[in-house]
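Structure first, then comments.
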Amino acid sequence: MTFVVLMLLCTTAHSAEKDFAVFSSGLELEEKVHLFEAMDRFREATELAPDNKGYLEHLAWLASNYGFTEEAAAAFTRLLPLVDTKENSYRGLAWNEKVLGRYDASLAAYRQVIPPPTPTSSYRASFDHISQVLHGENERKINALLASLAFTPGDVTLQKELFRTYVSQGELAKAVAVGQEVVRENPRDLPFRFDWARTLFWSGEKERAEKELRLLVDETGNSAYVWYELGKVQNAMGKREEAQQSLERSLAIYPQAALTRKELAEVLAVSGKGAEAVDIARSIEPKQNQVLTSQLAMARSYHFSGSLPEARNIYREILAAYPLNTDALWGMVETSVYTGRPGEAEHLIETWKTLPPDSRLAEQEKLLASFTSPRVSLMGDYYTNSGDFSRVNVGASVTLFNHETLWTPGYYFSSFHQSGFSTITRNGLFLEGERRLTDSVRVGARLGGNIYDNNHETMNGRLSLYLEPVKNVDMALNIERSDIIDTELPFRNAIYNYVVTIGAVGEAIQTWDYSLYAHATPLPNLDFSGKILYGDYSDGNDKYSLSLDTVYTLMRAPMLKVGYNYFYLDYRKPASVYREGSNAISSYYDPTNFEVHTIFAQFAQDLGANFRYGIEERLSYIPKAEGVANGLFGFLEFKLTERDLIRLDARYFTQNHGVSRTGDSGSFHAENVVLSYSHTF
């Protein structure tokens, strides 16, 4: 019996000695700012001694201070039953639950130490009250520390505590100043220098923060966590390549870091490396205490690489588990707006408004307003070609959003001219509408009428059904009645319009078009799309066309895309002929089995907050004519004010050798200019 007791005592002593050794090694790593590795040691110590409240408390606060939020919340929850004085543990738990977006759990923890103003207070009122209490506590603490430092001005312990309290109070400029004094006197205190560098970044001094972190990388002996923090700062500064290098250096030292992989995935996505970003995000194991990190990495990888529907689905999953997580709310609002769900975005913003103030909320409100606020647009365009045909359009439209329905009424005036024929003018009115019926179904319609001065009047219309049948696929079914001169509507890219003679207007030819469009994004940076169309012309002709596109996004900021287009056009019969006096002209271009292969590149870049420009180069080969064509498009966009935008588009097209229905058509060129102005109310 005595032997058994001695064995048990020896085993217990050995176990205690082992967990203490592990914990001590974690403290040594923490002193070197090797925080990823230190966290591993502290986790191991708490597993060896699960009832050791000292180990667990240290792990909880370290996790809370350095971004391991899920783990911090779990650690504080485990800690509470072990400690007699629970106030600090409740505060730590409450803070981390709030960051995660579990506001009810956060308030429940805060209420253990800070009673709410009323039992039924709103989230905002409750957290405003909590902030006031904490602010008062910090203010009293700051005054006491300043008073103590007046007697012992060189007391480093007091200076550090004052620094931390200023940070907690949000008085970052004062924190930076106090921290600088500590760093000057204690340059080898690496953990404090690291915290000071982070505070430099939070206060907006990004360049100083980057410089300090670069020094710390060497002085900490290549800390993976310092490399990670440096990558975050560089990413925020827009230094994507440097950020990628720093984060990859961090992963080379500590490959399993979920935080680093999440940051790297975002950098890659913003840099246009969407497939790599998604692969990195997928490599984060969604194990306990890093589920949210894994999900946000996936959502933001898809989001920043342009796969908005996929990102939106993951943001929705996050909000199901963390109902008020502001990172997910931000992403869900933005992806909802850009995928045509402004009503959903509006609802999410109203939810967000019930939470404590967040600077990102105003940005997303502005984004939503840019899509839903009434907007007036004034437009003018000019087109001409080597066939002596030209057209001018001027017009105005109003865009209104009301209860998930987008309305656009408008007016335009057009003038058509071709040498040897009388100029024809027209006045046109239209009303467009679009409404979302379900998350994956929208309907659209357009009704319009034209009055020509050659005694012709036409009515036009369109019905559209938009579907998102499966993930990463969207489709559109259209039935449209239109004047063929508007194969491309006014103010759009007239270079793409192959009905460019006055005969189409003179003969007042209309068409019933039936089309199917499909678009798929199998990979974040890769898009496939296609449109097949049958047209039943009023002059008895039939048209068949097919367009297929493949587009790959190389970069997103600035935007660089490359792609390939295949276009096919065939008319069953020759076009009707328009005659005026002794002059005659085909009413439209009427080839048979006409094919075009085009490669293209598109580039666009923001210059500051108010100016954007872009250019597109298109090189085409026409097999039937053995001809080559070139299209060069460009635009300039200038934001006059927050509500006023002006844009100029200029386009030029030329081909050296074309083909008609019966033979060669020689060379051809065309020019198009569009000027538009819009004001958002």
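Observations, loosely collected:
- Scanning segment 460-489 for residues that are surrounded by fewer than 18 Cβ atoms within 10 Å (Cβ to Cβ) and of a type in the set (Val, Ile, Thr) turns up Val470, Val473, Ile479.
- Checking Ile509, Ile532 one by one, the residue that is at pLDDT 95 or above and more than 43 Å from the chain's Cα centre (by Cα) is Ile509 and no other.
- The residues in segment 565-620 that are in a strand (DSSP E or B), within 21 Å of Ser386 (Cβ to Cβ) and in contact (Cβ under 8 Å) with a residue 60 or more places away in the chain can be counted, and the count is 8.
- Residues in segment 405-415 that are under 15 Å from Leu489 (Cβ atoms) and touching a helix residue (DSSP H, G or I) at 6+ places or on another chain (Cβ under 9 Å): 1 in all.
- Flag if Gln290 is surrounded by 16 or more Cβ atoms within 10 Å (Cβ to Cβ) and either at pLDDT below 95 or acidic (Asp, Glu) (or both): yes
- Yes/no for Gly631 being over 22 Å from the mean Cα position of the chain (by Cα), at pLDDT 95 or above, small (Gly, Ala, Ser) and crowded, with 16+ Cβ neighbours inside 10 Å: yes
- Any hit, segment 443-450, residues being out of contact with any Asp or Glu (no Cβ under 9 Å at 6 or more places or on another chain) and more than 19 Å from Ser515 (Cβ to Cβ): no
- Per the conditions (1) surrounded by 20 or more Cβ atoms within 10 Å (Cβ to Cβ); (2) at pLDDT 95 or above, the sole criterion not satisfied by Thr521 is (2).
- Qualifying residue in segment 547-556 (condition: among the aliphatic types (A, V, I, L, M), closer than 30 Å to His456 by Cβ and assigned by TED's automatic domain parsing to the domain that holds Glu488): no
- Residues being more than 22 Å from Lys32 (Cβ to Cβ) and either among the small types (Gly, Ala, Ser) or under 33 Å from the mean Cα position of the chain (by Cα) (or both) - total across segment 168-206: 14
- Complete set of residues in segment 631-681 that are in a strand (DSSP E or B), closer than 21 Å to Ser587 by Cα and of a type in the set (Gly, Ala, Ser): Gly658, Ser665, Gly666, Ser667, Ala670
- Residue match in segment 86-96 (condition: surrounded by fewer than 23 Cβ atoms within 10 Å (Cβ to Cβ), modelled with pLDDT of 95 or more and of a type in the set (Ser, Thr, Tyr)): yes
- Within segment 188-225, being touching a residue at least 40 places away in the same chain (Cβ under 8 Å), crowded, with 21+ Cβ neighbours inside 10 Å and either in contact with a Cys (Cβ under 8 Å, 6 or more places away or on another chain) or not aliphatic (A, V, I, L, M) (or both) holds for Phe194, Thr220, Ser223, Tyr225.
- Among the residues of segment 378-404, those identified as touching a residue at least 60 places away in the same chain (Cβ under 8 Å), crowded, with 19+ Cβ neighbours inside 10 Å and of a type outside the set (D, E, K, R) are Met379, Tyr383, Asn385, Phe389, Asn393, Gly395.
- Close pairs from segment 236-248: first under 10 Å from Leu264 (Cα atoms), partner crowded, with 18+ Cβ neighbours inside 10 Å and among the basic types (Lys, Arg), Cβ under 8 Å, at least 6 apart: Ala243/Lys232
- Test: residue in segment 345-352 that is in contact with a Leu (Cβ under 9 Å, 6 or more places away or on another chain), in contact (Cβ under 8 Å) with a residue 40 or more places away in the chain and of a type in the set (D, E, K, R): no
- Segment 226-257, subset among the hydrophobic types (A, V, I, L, M, F, W, C) and surrounded by 23 or more Cβ atoms within 10 Å (Cβ to Cβ), residue nearest to Asn65 (Cα to Cα): Val226
- Conditions (1) surrounded by 20 or more Cβ atoms within 10 Å (Cβ to Cβ); (2) in contact with a Pro (Cβ under 7 Å, 6 or more places away or on another chain); (3) touching a residue at least 60 places away in the same chain (Cβ under 8 Å): number failed by Ser126: (3)
- Among (1) in a helix (DSSP H, G or I); (2) farther than 25 Å from Tyr677 by Cα; (3) at pLDDT below 95; (4) out of contact with any Ser or Thr (no Cβ under 8 Å at 6 or more places or on another chain) - the single one Pro323 does not satisfy: (1)
- Residue match in segment 358-369 (condition: touching a Gly at 6+ places or on another chain (Cβ under 6 Å) and under 30 Å from Lys98 (Cβ atoms)): no
- Identity of the residue in segment 439-459, among the polar types (S, T, N, Q) and at pLDDT below 95, that ends up surrounded by the fewest Cβ atoms within 10 Å (Cβ to Cβ): Asn455
Yes or no, residue by residue, for (1) within 20 Å of Tyr338 (Cβ to Cβ); (2) part of a strand (DSSP E or B); (3) at pLDDT below 95; (4) not aliphatic (A, V, I, L, M):
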| position | (1), (2), (3), (4) |
| --- | --- |
| Phe401 | yes, yes, yes, yes |
| Thr408 | yes, yes, no, yes |
| Tyr411 | no, yes, no, yes |
| Ser415 | no, yes, no, yes |
| Phe421 | no, no, no, yes |
| Asn427 | no, yes, no, yes |
| Leu431 | no, yes, no, no |
| Leu437 | yes, yes, yes, no |
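- Residue match in segment 53-66 (condition: part of a loop (DSSP other than H, G, I, E, B), in contact with a Gly (Cβ under 7 Å, 6 or more places away or on another chain) and either at pLDDT 95 or above or aromatic (Phe, Trp, Tyr) (or both)): no
- With respect to the conditions (1) closer than 23 Å to Asn565 by Cβ; (2) under 19 Å from the mean Cα position of the chain (by Cα); (3) surrounded by fewer than 17 Cβ atoms within 10 Å (Cβ to Cβ), Ala604 lacks only one, and its number is (3).
- Segment 339-367, subset farther than 15 Å from Asp327 by Cα and of a type outside the set (D, E, K, R), residue surrounded by the most Cβ atoms within 10 Å (Cβ to Cβ): Pro342
- Of the residues making up segment 111-162, just one is in contact with a Phe, Trp or Tyr (Cβ under 7 Å, 6 or more places away or on another chain) and among the aromatic types (Phe, Trp, Tyr), namely Tyr123.
- Candidates Arg249, Arg184, Arg240: the one that is basic (Lys, Arg) and closer than 27 Å to Lys160 by Cβ is Arg184.
- Residues that are surrounded by fewer than 15 Cβ atoms within 10 Å (Cβ to Cβ) and either under 41 Å from the mean Cα position of the chain (by Cα) or among the hydroxyl-bearing types (Ser, Thr, Tyr) (or both) within segment 653-678 comprise Thr662, Ser667, listed in sequence order.
The values are calculated or read from the model by the stated rules, or taken from the named source; none is laboratory data. Bear in mind the structure is a predicted one, so any value in this text is a computation, not a measurement. Don't worry about glycine lacking a Cβ; one is built from the backbone with ideal geometry, like all the others, and counts go over all protein chains shown.
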